[in-house]
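As structure tokens, the structure follows; a few thoughts come after it.
The values are calculated or read from the model by the stated rules, or taken from the named source; none is laboratory data. Computed from a predicted model, the values in this text were never measured in an experiment. Counting neighbours? That spans all protein chains shown, and the Cβs are built from the backbone with ideal geometry, glycine included. SASA here: full protein model, heavy atoms, side chains in, ligands and nucleic acids out. Shrake-Rupley method; radii C 1.70, N 1.55, O 1.52, S 1.80 Å.
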Amino acid sequence: TTLDLQKNLLVGRIPTELGLLTNLESMGLHENQFTGNIPTQFGNLKRITEMAMYKNQLTGGLPTELGNLEILKVLDVATNGLRGKLPEELGNLPYLEVLNLYGNGFNGNLPSSYENFKSLNVFQIQFNSLSGNVGFVCNEIILADMVADCGGASSKVKCSCCTYCCDRTGSCEEN
């Protein structure tokens, strides 16, 4: 079952009731004008494999409950106003292939549990306020696309396996 509400100019908060759609396999809420937090009830969507909420105006942090989505393959929350530390629980997602977090206000170090990502292909964390060494994510896998804020002399991110490094000006170069 798919819920595709992309590009509908929808406004307001994402209804928490969507977390009751337990047979949902794919949810496209991207490119709307949703505000507020990502509902914690989304952690109940045990059959979901794709969750796209990019290009909205979402705020708050990523709910730790998303770590319950054991068969999730795609999580894309890029270009929102999300903030805070990244949840350790996302490291519990063994089938995650795409994790797009760029263009938010996430801060701190990547959780060490992210080294559990064995299926990850695309990992985009640029244009946040993350710091530390992110290369440990690449120890077990070869990423097709990993982009981080590892460019420029003032960079707080170290990444030996990034395909592109971005700097504070918004410029990204092949690594």
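Residues are listed down the side, and each one gets a yes or a no for (1) in contact (Cβ under 8 Å) with a residue 24 or more places away in the chain; (2) closer than 26 Å to CYS150 by Cα; (3) open to solvent by 10 Å² or more (accessible area, probe 1.4 Å); (4) of a type outside the set (Phe, Trp, Tyr):
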| position | (1), (2), (3), (4) |
| --- | --- |
| ILE38 | yes, no, no, yes |
| MET53 | yes, yes, no, yes |
| ASN68 | yes, no, yes, yes |
| LEU72 | yes, no, no, yes |
| GLY84 | yes, yes, yes, yes |
| GLU89 | yes, yes, yes, yes |
| LEU93 | yes, yes, no, yes |
| LEU96 | yes, yes, no, yes |
| TYR114 | yes, yes, no, no |
When HIS30 is evaluated against the numbered criteria (1) under 20 Å from VAL147 (Cβ atoms); (2) surrounded by fewer than 20 Cβ atoms within 10 Å (Cβ to Cβ); (3) touching a Phe, Trp or Tyr at 6+ places or on another chain (Cβ under 8 Å); (4) not small (Gly, Ala, Ser), which criterion, by number, is the only one it fails?
(2)
Just one of (1) at pLDDT 85 or above; (2) within 16 Å of the chain's Cα centre (by Cα) trips up VAL157, so point out which.
(2)
In the list VAL11, VAL77, which residue meets the criterion of being of a type in the set (Val, Ile, Thr) and open to solvent by 70 Å² or more (accessible area, probe 1.4 Å)?
VAL11
Just a yes or no: is a residue in the range 51-74 closer than 19 Å to CYS159 by Cα and either assigned to a strand (DSSP E or B) or touching a strand residue (DSSP E or B) at 6+ places or on another chain (Cβ under 6 Å) (or both)?
no
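Determine if the range 124-132 includes at least one residue that is over 30 Å from ASN44 (Cα atoms) and either open to solvent by 10 Å² or more (accessible area, probe 1.4 Å) or small (Gly, Ala, Ser) (or both). Walk me through it before giving the result.
Of the range 124-132, the ones over 30 Å from ASN44 (Cα atoms) are 131-132.
Next cut, either open to solvent by 10 Å² or more (accessible area, probe 1.4 Å) or small (Gly, Ala, Ser) (or both) only: 131-132.
Within the range 124-132, one or more residues are over 30 Å from ASN44 (Cα atoms) and either open to solvent by 10 Å² or more (accessible area, probe 1.4 Å) or small (Gly, Ala, Ser) (or both).
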Selection count where residues are assigned to a loop (DSSP other than H, G, I, E, B) and either at positive phi or at pLDDT below 95 (or both), scope the range 98-128:
13
